[in-house]
Amino acid sequence: MSMTATPPAAARKPHSYTRHGRTVEDPYAWLKDPSYPTVNDPEILDYLKAENAYFEAQMAPQADLVETLFQEMKGRIKEDDAGVPQKDGDWLYWWAFQPGGQYRLWYRKPVAGGEARLLLDEPAEAEGKEYFRLQVLEVSPDGRLAAWSADDNGSERFTLRIRDLATGKDIETITAVANGAVVWSADSTAVAYTEVNDNWRTYRARLHRLGTDPAGDVTLYEEADEGFRVALGRTQDRQWIVLATGDHETSEVRLLPTADPAAAPLLVSPRQPKRQYSVDSAQGRLWILTNDDHVNFRLAEADPARPAEWTTVIAGSDRHYLRGVTSFAKHLVISERVDGLDQIRLRTYGGHESRIPFPEASYTASLGSNPEYDPPAYRLAYTSMVTPNTVFDFDPVEGGLTTLKVQEIPSGYDPALYATERLMIEARDGTRVPVSVVYRRDFVKDGQGKLFLYAYGAYGFAYPPAFSTLRLSLLDRGFAVAIAHIRGGDDLGYRWYLDGKAEKRWNTFHDFVDAAKGLIAAGFTRAGRIAINGGSAGGELMGVVANTDPGLWGAVVADVPFVDVLNTMLDDSLPLTPGEWPEWGNPITDPAAFDLIRSYSPYDNVSAQPYPPMLITGGLNDPRVTYWEPAKWAARLRATKTDANVLLLKTNMGAGHGGKSGRFDSLREDAEAYAFILTQMA
């Protein structure tokens with residue numbers, strides 16, 4: 001790294017507060033602009049720009065390596081890639097890229113035959129914009145119109161419009177603060193949508209009738225609990241609009257008939273603390289997945305006339321973790337995880353069950369896009385650590401998988417060059433933690449190798465053992481790559497998630513460190529030869545383990561890291577905070593939660609010790625992890641750490657939580673991160 005630039009030094013401004021008799025010093029609190037989400041304080045902007053300039057100066061000597069990595073990564077992407085057409089009624093729908101295109105084009109053509117017709121041209125919509133993200137493209141039941149929403153600055157506030165597909169022109173703009181799915185009425189005359197408030201909380205569902213002033217749109221439901229969010233969906237049989245509200249541990253569902261969405265909502269069952277349930281509809285019955293009597297959920301059915309009376313269809317199981325159910329005309333398709341491995345179960349309405357067979361011992365499989373109620377085959381998505389993304393159709397009559405598409409890697413890929421393992425590594429409390437590893441077959445397990453280790457570990461999200469073209473740039477340079485399936489995700493069932501949240505949060509961090517030590521013991525690497533990466537809540541993980549075990553890591557990349565945890569959870573005016581208390585605890589009212597969060601919050605636990613080389617990223621418009629979290633953390637690290645290792649902060653000034661939006665622009669950011677790792681681990 002270049003030493004030609006002087007690292008910025010953010011001003012320390014005395015600031016402290018006292019809660020529950022504990023006083024906390026927060027000398028970088030000033031980096032939070034009081035006018036947020038507008039950020040216009042010159043001192044704050046100057047600091048962020050200075051950090052960006054320092055990042056550019058330090059990375060300048062690696063420009064050739066970044067370009068090499070970028071071209072490698074780009075060379076593995078099929079420039080004119082396209083989706084597999086999917087039938088929905090009288091039409092086949094698909095997306096495609098043009099060579100060199102950053103964004104998709106969306107098409108359809110009649111099933112009966114005819115020319116392809118362009119529905120939406122993302123490149124044209126993104127023209128001249130630093131950021132563009134399409135969220136919704138939903139065609140009306142009569143096929144004449146499309147509701148579509150997009151965000152052009154990364155703030156995750158989407159403008160919702162109606163397009164006439166015959167002319168390609170937008171005929172109405174409904175709202176500039178939509179977020180979430182859109183559902184059409186059965187007669188194509190109205191759309192249901194959800195909006196966010198000033199605090200980026202999806203708080204209400206509304207109904208817009210085409211041709212009317214959106215200011216008069218009917219509010220279908222407005223949530224009073226600031227911790228709950230509102231979401232829309234549609235049952236597979238298209239009879240109901242699903243209006244769901246909930247937080248991370250409690251849910252409540254109302255149903256609205258698609259034939260009359262302004263009708264009084266049907267409340268399926270009133271919310272009960274820590275009870276979750278979801279609803280689908282088929283065969284005149286409601287199909288309900290709920291954790292009311294088993295942590296791994298049961299499947300129940302109910303009569304829509306008595307929706308709160310649930311009869312068990314599949315009982316909860318310690319081994320079988322039921323994750324989702326889609327009710328088609330002939331089958332309930334049940335997504336589950338058995339002993340940590342994805343399974344898809346088909347159950348007829350007469351009770352006969354079968355499972356879809358998959359070809360590998362470790363993989364990720366899920367139900368793909370299946371818009372129709374009675375399809376001849378079920379569309380599936382499949383991948384593994386060595387198998388590129390694959391699209392299957394499963395014929396329930398013949399019982400076989402038909403391969404429709406395998407991710408093409410134009411620059412070449414030979415799976416025979418790579419091997420994968422699934423290790424079970426014992427954590428310090430005796431729990432065995434799964435770790436997925438992939439490496440070239442010529443990788444030598446002599447304890448001297450380089451390792452890239454990734455994890456997330458929050459919100460019950462299981463980071464899948466899936467294929468990545470990006471990681472080939474590390475594998476082919478001698479790295480092994482591992483994913484630690486730590487507690488906080490739901491990899492081994494819902495209990496696995498519960499054992500890593502709130503008062504058990506330290507298990508997540510310990511699992512990651514112990515997984516790294518287990519990989520050292522297995523001969524993959526040694527201390528100081530491990531590059532680690534995590535984003536958002538996974539960035540929190542990076543911050544904690546950098547504080548607790550800095551000597552283990554050779555490089556740390558923390559993407560949009562949730563590192564100012566205590567201050568964020570104490571600020572109930574922030575967009576996500578009330579809804580996050582079930583995940584982390586509420587330090588405002590609970591002294592024990594305050595002490596626990598303070599014990600690991602990365603920003604609050606920076607200490608005068610050596611730290612590994614670190615690359616930290618943020619997004620100025622990020623509504624999930626606000627820009628000042630990584631900025632404050634970087635400032636405190638720079639002022640406190642005792643080493644001379646490089647510390648870089650890069651803030652995307654025109655993007656949000658996901659970084660840059662174009663498929664190649666985002667690759668360049670990946671290339672920068674990999675160049676940083678390779679340089680530090682040389």
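Just one of (1) part of a helix (DSSP H, G or I); (2) under 17 Å from T568 (Cβ atoms); (3) of a type in the set (F, W, Y) fails for Y17. It is (1). Can you name the residue in the range 330-358 that is over 24 Å from the mean Cα position of the chain (by Cα) and more than 18 Å from E398 (Cα to Cα) and, of all such residues, is surrounded by the most Cβ atoms within 10 Å (Cβ to Cβ)? If we take residues in the range 330-358 being over 24 Å from the mean Cα position of the chain (by Cα) and more than 18 Å from E398 (Cα to Cα), then Y349 is surrounded by the most Cβ atoms within 10 Å (Cβ to Cβ). The number of residues in the range 91-145 that are open to solvent by 40 Å² or more (accessible area, probe 1.4 Å), more than 26 Å from P375 (Cβ to Cβ) and aliphatic (A, V, I, L, M) comes to 1. Just one of the listed residues (T290, T235) is among the hydroxyl-bearing types (S, T, Y) and either in contact (Cβ under 8 Å) with a residue 24 or more places away in the chain or open to solvent by 20 Å² or more (accessible area, probe 1.4 Å) (or both), namely T235. For the range 593-624, filtering for residues that are within 21 Å of the chain's Cα centre (by Cα) and open to solvent by 10 Å² or more (accessible area, probe 1.4 Å) leaves 4.
Exactly one residue out of T38, T6, T68 is loosely packed, with under 14 Cβ neighbours inside 10 Å and under 23 Å from E672 (Cβ atoms): that is T6. M73 satisfies every condition listed in (1) within 20 Å of L404 (Cα to Cα); (2) surrounded by 19 or more Cβ atoms within 10 Å (Cβ to Cβ) except (1).
Restricting attention to the range 199-209, does a residue exist that is hydrophobic (A, V, I, L, M, F, W, C) and at pLDDT below 95? Among the residues of the range 199-209, at least one is hydrophobic (A, V, I, L, M, F, W, C) and at pLDDT below 95, which makes the answer yes.
Here is a yes/no grid of residues against (1) touching a helix residue (DSSP H, G or I) at 6+ places or on another chain (Cβ under 8 Å); (2) closer than 23 Å to G368 by Cβ:
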site: P257; (1), (2): no, no
site: D260; (1), (2): no, no
site: A264; (1), (2): no, no
site: R271; (1), (2): no, no
site: W287; (1), (2): no, yes
site: N291; (1), (2): yes, no
site: V325; (1), (2): no, yes
site: A329; (1), (2): no, yes
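Considering the range 484-509, and only residues there that are in a strand (DSSP E or B) and of a type in the set (G, A, S), the residue that is surrounded by the fewest Cβ atoms within 10 Å (Cβ to Cβ) turns out to be G489.
Pairs meeting the criteria (first residue in the range 390-417 and within 30 Å of R477 (Cα to Cα), second residue assigned to a strand (DSSP E or B) and among the aliphatic types (A, V, I, L, M), beta carbons under 7 Å, at least 6 apart or on different chains) are T390/V406; V391/A381; V391/L404; K405/V391.
Selection of the range 22-32 for residues being in contact (Cβ under 8 Å) with a residue 12 or more places away in the chain and either open to solvent by 60 Å² or more (accessible area, probe 1.4 Å) or polar (S, T, N, Q) (or both) yields R22, K32. The C-beta contact set for the range 36-56 (first residue farther than 20 Å from D622 by Cβ, second residue part of a loop (DSSP other than H, G, I, E, B), distance under 6 angstrom, 6+ apart or interchain) comprises Y54/A5; Y54/P7; Y54/P8. Looking only at the range 414-454, residues that are among the aliphatic types (A, V, I, L, M) and more than 14 Å from T387 (Cα to Cα) come to 9 in all. Among the residues of the range 359-389, those that are open to solvent by less than 30 Å² (accessible area, probe 1.4 Å), assigned to a strand (DSSP E or B) and closer than 25 Å to T348 by Cβ comprise A365, Y378, R379, L380, Y382. The set of residues from the range 313-329 being free of Cβ contacts under 8 Å to residues at least 40 places away in the same chain, in a strand (DSSP E or B), hydrophobic (A, V, I, L, M, F, W, C) and open to solvent by 20 Å² or more (accessible area, probe 1.4 Å) comprises just one member, V313. Can we say K87 is touching a residue at least 40 places away in the same chain (Cβ under 8 Å), open to solvent by 50 Å² or more (accessible area, probe 1.4 Å), assigned to a strand (DSSP E or B) and touching an Asp or Glu at 6+ places or on another chain (Cβ under 8 Å)? Considered against the rule, which asks whether it is touching a residue at least 40 places away in the same chain (Cβ under 8 Å), open to solvent by 50 Å² or more (accessible area, probe 1.4 Å), assigned to a strand (DSSP E or B) and touching an Asp or Glu at 6+ places or on another chain (Cβ under 8 Å), K87 comes out as yes. Taking the criterion of being in contact (Cβ under 8 Å) with a residue 12 or more places away in the chain and assigned to a strand (DSSP E or B), the residues of the range 337-358 that qualify are R337, V338, L341, D342, Q343, I344, R345, L346, R347, T348, S354, R355.
The set of residues in the range 537-583 that are hydroxyl-bearing (S, T, Y) and either crowded, with 21+ Cβ neighbours inside 10 Å or in a helix (DSSP H, G or I) (or both) comprises T548, T568, T577. Looking across the range 625-653, just one residue is assigned to a loop (DSSP other than H, G, I, E, B), open to solvent by less than 10 Å² (accessible area, probe 1.4 Å) and under 20 Å from E56 (Cα atoms), and that is Y627. Within the range 180-199, the residues that satisfy the criterion of being over 13 Å from L160 (Cβ atoms), open to solvent by 20 Å² or more (accessible area, probe 1.4 Å) and of a type outside the set (A, V, I, L, M) are D187, T189, N197, D198, N199. Can you find a residue that is at pLDDT 95 or above, over 25 Å from the mean Cα position of the chain (by Cα) and under 30 Å from V397 (Cα atoms) anywhere in the range 286-294? Yes: one or more hits.
The values are calculated or read from the model by the stated rules, or taken from the named source; none is laboratory data. None of these values were measured; they are calculated from a predicted model. Cβ: placed from backbone, ideal geometry, glycine included. Neighbour counts: every protein chain shown. Just the protein is used for accessible areas: all its heavy atoms, side chains included, with ligands, DNA and RNA removed. Shrake-Rupley method; radii C 1.70, N 1.55, O 1.52, S 1.80 Å.
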